[in-house]
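Q: Handing you a structure now.
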Amino acid sequence: MPLWLFIFLAALSIIAAAGLILQRHPVHSLLALVLTLIVIGILFIGLGATTVGFLQMIVYAGAIMILFLFVIWLLNLQTQPLEGGRLALKFLGALGSAALIAELLVFVLHLPAPLGHNQPVAIDYGSIARLAQGLFTSYLVAFEVTSILLLVGVVGAVALARRTTAEGAPGGSP
Amino acid sequence: MAIELLIGAIKAIIVLLMVLQLSAILLWFERKGSALIQDRIGANRAAITGFGRRLGMPNLGFVNTLMADPLKLFTKEDFVPAGADKFLHALAPFLAMFPVLITFAVVPFGDVLIIGDQHINLQAANLNVAALYILATIGLGVYGVALGGWASNNRWALLGGIRATAQMISYELAMGLAIVSMVMTYGTLDLQAMCHAQSGVWFGWLPRWGIFVQPIAFLLLLTAGMAESKRVPFDLPEGESELIAGYFTEYSGGKQAVFMLIDFAEIVLVSALVTTFFFGGWNFPWLYPDGFHLPGGAHLGLPNVAVAIIEVITFTVKVVAFCWLQILARWTLPRFRYDQLMRLGWKGLLPVGLANVVVTACVIVFAGV
């Protein structure tokens with residue numbers, strides 16, 4: 001992708017991410033987060049990781065954010081005034097973000113090739129075949145373990161939901 | 001380079017106009033079709049000041065209705081209720097429309113048109129992960145409906161929005177599984193390649209269409225698609241006896257027209273997807289790039305332009321046929337109850353879709369198809 005397009009999308013994603021923090025209303029914050037995720041997906045696609053980019057849009061922007069929206073609706077969250085917060089929390093937050101920025105700097109300084117020197121990638125770099133080959137050969141164990149973890153999560157969620165109905169008021173509409 | 005950009009732009013505009021025109025015509029089609037089904041005459045009185053009628057001209061109900069409906073809708077007051085989130089209220093119709101329209105970019109409406117030395121692929125965007133693209137855009141279509149209901153500051157609208165969101169994410173799963181089984185069958189995510197795989201015939205007479213390989217996936221995709229477009233029998237989000245009009249209760253004028261247009265654009269989208277995945281897309285039986293090869297061994301040679309035109313017409317006719325099927329279903333079936341809707345989605349279509357994927361995988365691995 002051309003440099004100007006990359007800079008435009010990168011700026012857009014940063015603005016949207018800032019919107020997530022600065023918006024007062026939870027639904028507006030959520031929309032800003034959706035925009036951030038979509039723009040990052042487009043960046044993935046533009047940089048050649050087509051499959052990952054579209055999966056990002058399907059899973060994060062399309063499915064998980066809708067769940068967030070449901071949670072906001074169910075808890076009936078309204079516009080919250082910005083509270084002062086505790087000094088210790090602010091201090092810890094500043095410390096954490098400083099550590100993250102330091103990590104990013106260390107990462108950039110230890111890049112295998114200097115910035116601006118593009119390594120040519122294989123023609124099928126971001127293709128679904130290449131991704132599947134990696135998943136089902138080199139990373140098979142990690143892939144299967146992750147899927148079992150997700151399955152356990154789903155079963156656990158269902159079990160928790162069932163227990164509440166059994167102990168509380170008898171389920172179903174009056 | 002410049003000419004390729006120009007061709008791309010022309011193709012995109014043609015696809016967009018085809019979809020919008022067909023959606024607008026479907027509006028009339030549905031009113032007239034419902035009238036025929038219910039033994040009424042239907043929309044035929046929209047004459048401009050009765051002008052043509054007095055001069056003894058034939059009844060132009062079709063053209064007049066097409067002009068009168070948008071004129072009426074766009075000259076109405078655009079009302080925003082008090083306490084509504086003005087920005088999101090205005091944004092929601094566009095958020096709902098945009099994903100539907102861009103999905104058509106990957107639907108192939110013909111094979112190749114050769115003009116001079118240009119080989120024009122009759123598909124707005126030739127994406128090699130088109131199936132993923134479709135799932136992504138359909139997933140993003142939920143936001144417009146959900147936020148339209150929420151931003152209206154109306155309880156009925158919010159309830160409609162919540163119902164619509166829950167219904168769409170439930171049926172997206174079945175739709176995704178149907179598409180996954182087709183991807184496994186053809187071994188590609190590229191819709192143009194899928195259409196190529198469906199050309200030709202079996203046994204000399206049976207077209208190699210996807211429905212003969214995956215009939216269950218076809219039923220899944222059609223049912224889930226109809227549920228995604230939120231029309232009877234799946235129109236719980238706008239059940240007028242309970243929720244006034246659901247998520248677009250508080251919309252009027254042009255914005256409501258956009259929501260109506262989305263309904264019809266979604267019908268066209270479902271028809272286009274079903275046609276592409278299961279009915280050979282632009283394939284006409286016995287038509288090959290060099291002309292007709294009939295079962296008896298007869299051969300009729302055709303130039304490339306004629307073949308391309310036949311293919312585009314074939315695709316359009318198939319899409320219109322499925323639009324008609326959906327309108328017929330809408331005026332035949334009664335509305336589901338909400339628990340029936342959820343049961344059908346989660347306990348009916350989802351397990352069937354999963355089983356279909358497993359069976360497809362077993363057939364591919366063990367039979368080595």
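Q: Counting only C-alpha contacts under 8 Å and six or more residues apart, can you give the relative contact order of chain A as a whole percent?
A: Relative contact order, chain A: 18 percent.
Q: Using the Cα gyration tensor of the stretch A:3-82, with a ≥ b ≥ c the square roots of its eigenvalues, what is the shape: rounded (a/c below 1.5), prolate (a/b larger than b/c) or oblate (neither)?
A: It comes out oblate by the Cα gyration axes.
Q: About the Cα centre, and with charges only on the beta carbon of Lys, Arg (+1) and Asp, Glu (-1), how big is the dipole of the protein assembly as shown? Nearest 20 debye, please.
A: It works out to roughly 1080 debye.
Q: Only helices at least 24 Å long along their own axis, judged from Cα atoms, and with Kyte-Doolittle mean hydropathy of 1.6 or greater: name those in chain A from DSSP H.
A: Result, helices passing both filters: A:3-22, A:26-46, A:87-109.
Q: If you don't mind, another one. What total accessible area, in Å², is buried where chains A and B meet, using a 1.4 Å probe and rounding to the nearest 100?
A: 1800 Å²
Q: In percent, what relative contact order does chain B have, based on Cα pairs under 8 Å that are 6 or more apart in sequence?
A: For chain B, the relative contact order is 21 percent.
Q: For the stretch B:140-146, in order, what is each residue's ³J(HN,Hα) by Karplus, 6.51 cos²θ - 1.76 cosθ + 1.60 with θ = phi - 60°, in whole Hz (x at glycine and Pro)?
A: Computed from phi, the couplings for the stretch B:140-146 are 6, x, 5, 4, x, 5, 4 Hz.
Q: For the pair A:E103 and A:I64, what calculated FRET efficiency results from E = 1/(1 + (r/R0)^6), where r is the Cβ-Cβ distance and R0 = 25 Å, to the nearest 0.05?
A: Computed FRET efficiency for A:I64 and A:E103: 0.50.
Q: Hey, could you grab the Kirkwood Rh for chain B? Inverse mean 1/r over distinct alpha carbon pairs, Å, one decimal.
A: Result for chain B stands at 22.2 Å.
Q: Also, I was wondering about something else. Once the Cβ-Cβ distance between B:W331 and A:L9 is put in as r, and R0 is 35 Å, what FRET efficiency do you end up with, to the nearest 0.05?
A: 0.15
Q: Along the positive direction of the dipole of the protein assembly as shown (beta-carbon charges: Lys, Arg +1; Asp, Glu -1; about the Cα centre), which of A:I21, B:L6, B:L147 reaches farthest?
A: B:L147
Q: Give, as a single signed number, the net charge of other residues whose beta carbon lies under 10 Å from the beta carbon of B:C195, with Lys and Arg counted +1 and Asp and Glu -1.
A: Its environment carries a net charge of -3.
Q: Then there's this: Which of the lysines could a cross-linker span from B:K76 if the Cα-Cα distance has to be under 26 Å and same-chain partners fewer than 8 positions apart are dropped?
A: B:K32, B:K86, B:K230, B:K255
Q: Here's something else I'd like to know. State, to one decimal in nm, how far the label point of B:E4 lies from the label point of B:F74, with both points 7 Å from Cα in the Cβ direction.
A: Result for the modelled spin labels: 3.6 nm.
Q: Find how much the distance from B:I115 to B:H196 grows on full extension, using 0.36 nm per residue of separation minus their present alpha carbon separation; answer in nm with one decimal.
A: 27.1 nm
Q: In whole percent, what relative contact order does the stretch A:3-82 give with Cα contacts below 8 Å and a gap of six or more residues?
A: Once divided by the residue count of the stretch A:3-82, the mean separation gives 31 percent.
Q: Give me the one-decimal nm value for the distance between modelled label points at A:S138 and B:F212, 7 Å along each residue's Cα-to-Cβ direction.
A: 4.3 nm
Q: Next question. State log₁₀ I(q)/I(0) for the protein assembly as shown at q = 0.06, 0.07, 0.11 Å⁻¹ as given by the Debye formula over alpha-carbon point scatterers of equal weight, solvent excluded.
A: Taken in order of the listed q values, log10 I(q)/I(0) reads -0.36, -0.49, -1.20.
The values are calculated or read from the model by the stated rules, or taken from the named source; none is laboratory data. Since we're looking at a predicted model, the values are computed, not measured. Backbone-built Cβ (ideal geometry, glycine too); neighbour counts: all protein chains shown. With ligands, DNA and RNA removed, areas are computed over all heavy atoms of the protein, side chains included. Shrake-Rupley method; radii C 1.70, N 1.55, O 1.52, S 1.80 Å.
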